[in-house]
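Encoded as C-alpha cells, the structure appears first; notes follow it.
Each reported figure results from applying straightforward, stated rules to the coordinates on display, with no laboratory input. The structure presented is a predicted model; accordingly, all values stated were derived computationally and were not measured. For neighbour counting, all protein chains shown are included, and Cβ atoms are generated from backbone atoms with ideal geometry for every residue, glycine included.
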Amino acid sequence: MQIKRLVFVLFIALLASCTSSRKISKQNNIGSLHFINEYDYPNSRQLEGTTIGGLSGIDYDPKTSQYYFICDDPSARGASRFYTAKINLNEKGIDTVNFTSVTILKNKNGVPYPDINKDRIHSADLEAMRYDPTRNEMIWSSEGQRRPVDKQFQDPEIVIVSPEGQYRDSFELPINLHIQPAELGPRHNSVLEGLSFDENYSHIYVSVEEPLYEDGPRAGTGDSTAWVRFVKFDRTTRKQVAQYAYEIGAIPYPANPPGAFKVNGVSDILYIGNNQFIVIERAYSTGRAPSDVKVYLADATGAEDISANRSLKNQPAKHPIRKKLIIDLNKSLDRYIDNIEGVTFGPLLPNNHRTLLFVSDNNFDERQRNQFFLYEIIP
C-alpha cells in the first residue's frame with residue numbers, strides 16, 4: 001500500500017470507526033495482513049484503584065466504538081475485572097489508547113471473586129472474554145486450578161455476565177475439561193485460553209491452550225508438535241455440540257538453561273465465518289526475552305467431531321482442523337514481540353477491509369509491555 005493511500009484510508013477510518021465489522025460471514029477471505037503500527041501502553045497506570053495490565057483478551061463493539069479487555073489478575077492486585085477503552089486512530093494508525101472504566105466481576109453470590117493468595121479454589125483466573133450485542137452480555141472463560149501438591153482443584157469455567165459484571169449463568173463443561181487429581185484432563189494454567197462467537201451468536205468456540213493429558217505430550221522443540229481441542233457450545237442450551245482436533249507447532253527455541261520452562265499453545269481464536277478462525281500460537285522459552293508468535297488461518301470445514309474420542313494420543317483424529325500460516329510476527333516485524341494473548345476485529349476501512357488488533361499480556365512485569373499491533377486485512 002502506498003504511503004499516501006494509507007494516510008487517506010486511516011484518516012477516513014476515524015470517521016467510519018462505528019461501521020460494523022461483525023458481518024463476518026461475507027468477508028472471510030484473508031490473503032495477508034498489512035502491518036500499520038504498534039502502540040505501547042505504559043506499565044503500572046492506575047484506574048479506579050486498579051493497575052492496568054494483564055490484558056489477556058480483547059473484543060470490539062462497533063456500535064459504540066468501545067473495546068473490552070479481560071484482565072487476568074486473579075484479585076491479587078485488585079478485584080477480578082474487565083476494562084473498557086477507546087482506541088483512537090490517526091494518519092499513522094493507533095494514536096491513543098484510553099482506558100475509560102473498570103467493571104468488577106461478581107460470582108454466583110453477587111460478590112467479587114476472592115484473592116487467589118487467600119482462597120485459590122474460589123478465585124477467577126480469567127483468560128478470554130467476548131461481548132454478545134444480541135443479548136447485551138459478556139462471556140468469559142477461566143483456567144481453573146490444578147495443584148496436586150496441596151490438593152487444590154478448581155474446574156475451568158465459561159461464565160455469562162451482564163455488562164455491569166453481574167453473574168447470570170454458566171456453560172456445562174464436558175467431562176474431559178474437568179480438572180482431575182490424576183494426570184487426566186486439563187493441565188494447570190493451560191486450559192480455556194481462547195473464546196469466540198460464530199457469525200450469528202448462536203454458538204461459542206473455546207480453545208484449550210495445551211494438550212489434555214490423555215491427548216499426548218506438550219509441544220517441544222524440533223519437530224515435536226502437539227494436539228489440542230477446540231470445543232463448540234450451543235449458546236442457548238449452554239452445552240457442548242462438538243470438539244475438534246487442532247495441531248500446534250513446535251517451540252522455535254530451546255530453553256536456557258536446558259530443562260527450564262518452555263511452551264507453545266493457542267492463546268486466542270477469532271471466528272471469521274464459514275467455519276474458519278484466526279488462531280494465535282504463542283511460544284515462549286526461558287532465557288529468550290520475546291515471545292514467538294505465529295498467526296494461522298484455521299478451517300474446521302469437514303473436521304470430525306472428536307468429543308467421544310478419549311485420547312488423541314491413542315486414536316489420532318483422521319480429519320483435524322486444517323491450518324495455514326498467515327504471518328510470523330517475529331520474522332515479519334523487526335521489533336520485540338511480547339506475550340500476545342488477544343485478537344479482535346477493529347473498525348472497517350473505507351475500502352471495506354477489516355482491521356485486526358492484537359494485544360499482549362504484560363503479566364504485571366515491568367520488563368514486559370502492554371503492546372498493541374494494528375493490521376489491515378488484505379483479502
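The figures follow:
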{"read-out": "Cβ-placed point charges (K, R +1; D, E -1), dipole of region 69-184 about Cα centre in debye, nearest 20", "value": "240 debye"}
{"read-out": "Segments 225-233, 276-284, 157-165, 314-322 sorted - mean Cβ within 10 Å per residue, highest first", "value": "276-284, 225-233, 157-165, 314-322"}
{"read-out": "Mean separation of Cα contacts under 8 Å, 6 or more apart, over the residue count of region 34-158: relative contact order %", "value": "20 percent"}
{"read-out": "Under Karplus coefficients 6.51, -1.76 and 1.60, residue-wise ³J(HN,Hα) of region 372-378 in Hz, glycine/proline x", "value": "10, 10, 10, 10, 9, 8, 9"}
{"read-out": "Exposure proxy order (Cβ contacts within 10 Å, fewest to most) of Arg367, Arg120, Arg235, Arg335", "value": "Arg367, Arg335, Arg120, Arg235"}
{"read-out": "Order by protection proxy (mean Cβ within 10 Å, highest first), peptides 168-175, 138-145, 100-107", "value": "138-145, 100-107, 168-175"}
{"read-out": "Ellipticity estimate at 222 nm from DSSP helix runs (n ≥ 4, -39,500 (n - 2.57)) divided over the chain, nearest 500", "value": "-1000 deg cm²/dmol"}
{"read-out": "Gyration tensor verdict on region 330-379 (Cα atoms; rounded if a/c is under 1.5, prolate if a/b is larger than b/c, oblate otherwise)", "value": "prolate"}
{"read-out": "Residue exposure sequence - Lys92, Lys294, Lys118 - by fewest surrounding Cβ within 10 Å", "value": "Lys118, Lys92, Lys294"}
{"read-out": "Positive-end extreme of charge dipole, the chain - chosen from Thr84, Ile272, Leu105 (charges on Cβ)", "value": "Ile272"}
{"read-out": "About the Cα centre, charge dipole magnitude for region 3-378 (Lys/Arg +1, Asp/Glu -1 at Cβ), debye", "value": "480 debye"}
{"read-out": "Principal axis dimensions, largest first and in whole angstrom, of the chain by Cα", "value": "59, 46, 45"}
